[in-house]
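Below: the structure, in structure tokens.
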Amino acid sequence: MTSKSGAAGEKVDRTSSRMSHTDNKFAGVPMLQDFDPGTIQRLAQARRDVLKVAIEIPNSTPKLFEINQKVSLKDSIRDVCERWNVSDHDCYALQYADSKQYITEKTRNEIKQGAVLRLVLAPSKVVEHIVKSLHQPPSLADKVQALKKLSESSADPTFSEEFIRKRGIQWIVHEVEQEECQGETLAYALTAFLELMDHGFVNWDNALTHEFLKKIAGLVNKITDADATILQRSLGIMECAVVNSNKFYHEIQDSITISNLISHLQRSNAEIQQNTIALINSLFMRAPSDKGRVGGRRKISDTMAQKQFRTVILNHVIRTPTAIGNEMAHQLHVLQVLTFNTLEERMMMKLDPAVQEEREKLLELRNVAFETSQHVSPVSKRPQGHITFNPSDFKKLGFINTNNPVLDFDKTPPGVLSLDLMVYFARNQQDNYIKLVLENSSRDDKHECPFGQSSVCITRLLCEILKIGEQPTEVGQHFYPMFFTHDHAFEEFYCTCIQLFNKTWKEMSAIKDDFDKVMSVVHDQIVLALNTKPASMEGFKQKLQALSYSEILKKRQQERLDKEQFDSQAKPVVELQQEVKPEIMDLIRQQRLNCLVEGTAFYKISNKRRDKSRWYCRLSPNHKIFHYGDIDDSTVTPGIETLPEKLAIADIKEIVTGKHCPHIKHARAHKSTTELAFSILFDPEEALNFIAPNLDIWCTWTDGINTLLGKNMKSTKAKSDLDLLLSMEMKLRLLDLENIPIPDQPPPIPELPRNYNFALTSA
């Protein structure tokens, strides 16, 4: 003991000696715990202000530097130059090695730890060298190199601002006006102009001139021998000028020939196609809606409606081997939205009863459907003579206001657009129109599908789905190729959908009160078919054929189940389920005991076959005794006093099921009988044996007996009842949260206040 104590003491002494030596080594050095929190925070901030970066110069290996963000950028550049032994530090700047963007005092906070930078000539020096080479080029090759350098550097805002300060944009405009730049030099000059203007330092109205736009328009209208880069940049300049210039819009519009733009779409260059469509879109969006101006929006929309334009878009832009890029998809989205928006005027216009042509259209619908004695021209298909409305005919046509059908088009949207579509259907698909109208007019009033009312609602629905009247979004990329396959795409779209409505109406065996339900199903059918982006109208019809009413019901059911499944996995819902589950289990147990109190008739079992005689067993209302005994066939529910045998619950030892039952174990019983068997064991050698009439009663009795014995319910029915009741309870409790996303985590609990000295002061 003594030696061990001495050794331990010696060890403690050596440890103390080392600790003493360490204390002596760091004596006088302040430790972290010696500083107050404010000082520690300032030290940490100072450490974050120092960035470790790699800096390189041409023909040299990068070196590691530390840049202090609290030191001016000019001083940091001077330190770098001194380390590289570079004089005239004022002539240099730092630049990102990958993006070649200059670093300024405003952007230095964007430098990240470990960034690779380059020490290069300052923007002012680069601009000075380029300007000198442009104004006094020793040779054409030097001018080309200067313009190339200019086009590459103009993407940097710092360089661009310096070049613009040297009147660089004016020089480019002058060179283009005087045709001093040709071929490669012109391509570089136009590229630089676009990049410089893109930074927004100069107003487009101040930068552009009439002569410059004339030269650019000439390049855009040039069909043959047009250089791809020059054409691409010229289209880009024109598009930006249309968007950003109020002063020169009409001049640009008058100088551009739309037919020439269509020829550019036939080129295989995707960027030229994209810039061409962007220019057409910008011309259309900025065009005034003045109907009296020939070069206004109507002129452009008429061009866009031409078959040649649609065919070129379809064959040379959409149906190409290469995938459509995001920007091209956006331009096609804008083009389609603008095309549909040409219908907005009719959509927002009420039917004017004073306009003879509109009233003739209404009468034409009646005459085409019912072949009145009034003559109909085979060319115009418009009725001649005095116009009168027959209420019975317009009732068969499905109009709401049969005495004055003009009032059916009084609501906007869809306004008179729905009448235009109905007339198109009657003229261009006459057989389908007559079949649809006569088929419904022959039904009884209750099951009649009203053509007029459904046409108005379908038109409004299509306008909502295609968002007619809304401006295209800046990031939208949705477009439908099938609308480029027909000269009257929207009209054909309506014809298909109105027939779909009639088909769905019949599938649902709908009556007039079900009108909104049918419209809801048709909405889902159209949206689901459009989401597949069919390539043609025929493809769209095939998609609709597959989306029957029963298929929509299946999809809705699946969506509801998926939503319930998703919501049930949320943490708050799971916690709520755990809280509700004990109440549900108590409810199931109580139901099982109630069934046992009511009792059940069981058949007696013999060794050979099921005996026809029966016996009855039921639980006493106080849940303490089983009463059982034989009954005759006429007895339905015997009273407890008529059942002579008794079994106290306290005497029950166990319940066994299936092949473990005494009356099954040594008998040759059928499999179905074995599955329905259960026995109550009491006393050493006694058992009360059961064969349930069916599985439902077997589950009820085994669950009830287990409940009386204080055991868990084990039947499949108990689990299914729990799932059903729990699901119904959760639906009821979450009913107010319909369409509200349930977060995975509960909201954070606010911190406790510093004190609880709350006081209310009276005014």
Exercise for the section: Could you tell me which residue of the range 74-90 is nearest to S151 (Cα to Cα), considering only residues that are aliphatic (A, V, I, L, M) and buried (at least 18 other Cβ atoms within 10 Å of the Cβ)? Expected result: I77
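Quick check: anything in the range 559-570 closer than 29 Å to L709 by Cα, in a loop (DSSP other than H, G, I, E, B) and without any contact (Cβ under 8 Å) to a residue 60 or more places away in the chain?
Going through the range 559-570, the residues closer than 29 Å to L709 by Cα turn out to be none.
Checking the range 559-570: not a single residue is closer than 29 Å to L709 by Cα, in a loop (DSSP other than H, G, I, E, B) and without any contact (Cβ under 8 Å) to a residue 60 or more places away in the chain.
From the list A146, A93, A141, A122, pick out the single residue that is at negative phi and loosely packed, with under 15 Cβ neighbours inside 10 Å.
Numbers: A146 fails: loosely packed, with under 15 Cβ neighbours inside 10 Å; A93 fails: loosely packed, with under 15 Cβ neighbours inside 10 Å; A122 fails: loosely packed, with under 15 Cβ neighbours inside 10 Å.
None of the other options fit; the residue is A141.
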Exercise for the section: Output the number of the condition that D431 fails; it satisfies all remaining conditions of (1) touching a residue at least 40 places away in the same chain (Cβ under 8 Å); (2) open to solvent by 20 Å² or more (accessible area, probe 1.4 Å). Expected result: (1)
Completion exercise
Looking across the range 441-476 at residues that are more than 34 Å from the chain's Cα centre (by Cα) and among the hydroxyl-bearing types (S, T, Y), the single one that is farthest from L530 (Cα to Cα) is S442
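Run down F163, F212 and say which single residue is within 30 Å of V86 (Cβ to Cβ), modelled with pLDDT of 95 or more and either part of a helix (DSSP H, G or I) or in contact with a strand residue (DSSP E or B) (Cβ under 9 Å, 6 or more places away or on another chain) (or both). Full working, then the answer.
Values: F212 fails: within 30 Å of V86 (Cβ to Cβ).
Exactly one of F163, F212 is within 30 Å of V86 (Cβ to Cβ), modelled with pLDDT of 95 or more and either part of a helix (DSSP H, G or I) or in contact with a strand residue (DSSP E or B) (Cβ under 9 Å, 6 or more places away or on another chain) (or both), namely F163.
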Handout entry: Count of residues meeting criterion [surrounded by fewer than 21 Cβ atoms within 10 Å (Cβ to Cβ) and of a type in the set (A, V, I, L, M)] in the range 677-690
Key = 3
Completion exercise
When restricted to K112, K149, K63, K106, the only residue out of contact with any Gly (no Cβ under 7 Å at 6 or more places or on another chain), basic (K, R) and within 25 Å of V176 (Cβ to Cβ) is K149
Exercise for the section: Please find, within the range 293-340, the residue that is surrounded by the fewest Cβ atoms within 10 Å (Cβ to Cβ) out of those that are out of contact with any helix residue (DSSP H, G or I) (no Cβ under 8 Å at 6 or more places or on another chain) and β-branched (V, I, T). Expected result: V294
Exercise for the section: Find the residue count for the range 704-726, including only residues that are in contact with a helix residue (DSSP H, G or I) (Cβ under 8 Å, 6 or more places away or on another chain), in a helix (DSSP H, G or I) and loosely packed, with under 13 Cβ neighbours inside 10 Å. Expected result: 1
Practice task
Looking only at the range 589-609, decide whether some residue is in contact with a Ser or Thr (Cβ under 7 Å, 6 or more places away or on another chain) and on the phi > 0 side of the Ramachandran plot.
Solution key: yes
Exercise for the section: From the list A97, A115, A93, pick out the single residue that is among the hydrophobic types (A, V, I, L, M, F, W, C), closer than 27 Å to S151 by Cα and in contact with a helix residue (DSSP H, G or I) (Cβ under 7 Å, 6 or more places away or on another chain). Expected result: A93
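If a residue has to be open to solvent by 30 Å² or more (accessible area, probe 1.4 Å) and in a helix (DSSP H, G or I) to count, how many in the range 467-518 make the cut?
Going residue by residue through the range 467-518, those that are open to solvent by 30 Å² or more (accessible area, probe 1.4 Å) are 467, 470-471, 473-475, 477-478, 480, 485-488, 491, 499, 503, 506-509, 511-514, 516-517.
Next cut, in a helix (DSSP H, G or I) only: 491, 499, 503, 506-507, 512-514, 516-517.
Summing the residues that are open to solvent by 30 Å² or more (accessible area, probe 1.4 Å) and in a helix (DSSP H, G or I) in the range 467-518 gives 10.
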Exercise for the section: Among the residues of the range 618-634, write down those that are open to solvent by 10 Å² or more (accessible area, probe 1.4 Å) and part of a strand (DSSP E or B). Expected result: R618, I625, H627, Y628, D630, I631
Exercise for the section: Output the residues belonging to the range 50-70 that are hydrophobic (A, V, I, L, M, F, W, C) and either surrounded by 13 or more Cβ atoms within 10 Å (Cβ to Cβ) or touching a residue at least 60 places away in the same chain (Cβ under 8 Å) (or both). Expected result: V50, L51, V53, A54, I55, I57, F65, I67
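The values are calculated or read from the model by the stated rules, or taken from the named source; none is laboratory data. Because the structure is predicted, anything quoted here is derived from the model rather than measured. In this analysis, Cβ positions are derived from the backbone assuming ideal geometry, glycine residues included, and neighbour counts consider all displayed protein chains. Surface accessibility is based on the protein's heavy atoms, side chains included, excluding ligands, DNA and RNA. Shrake-Rupley method; radii C 1.70, N 1.55, O 1.52, S 1.80 Å.
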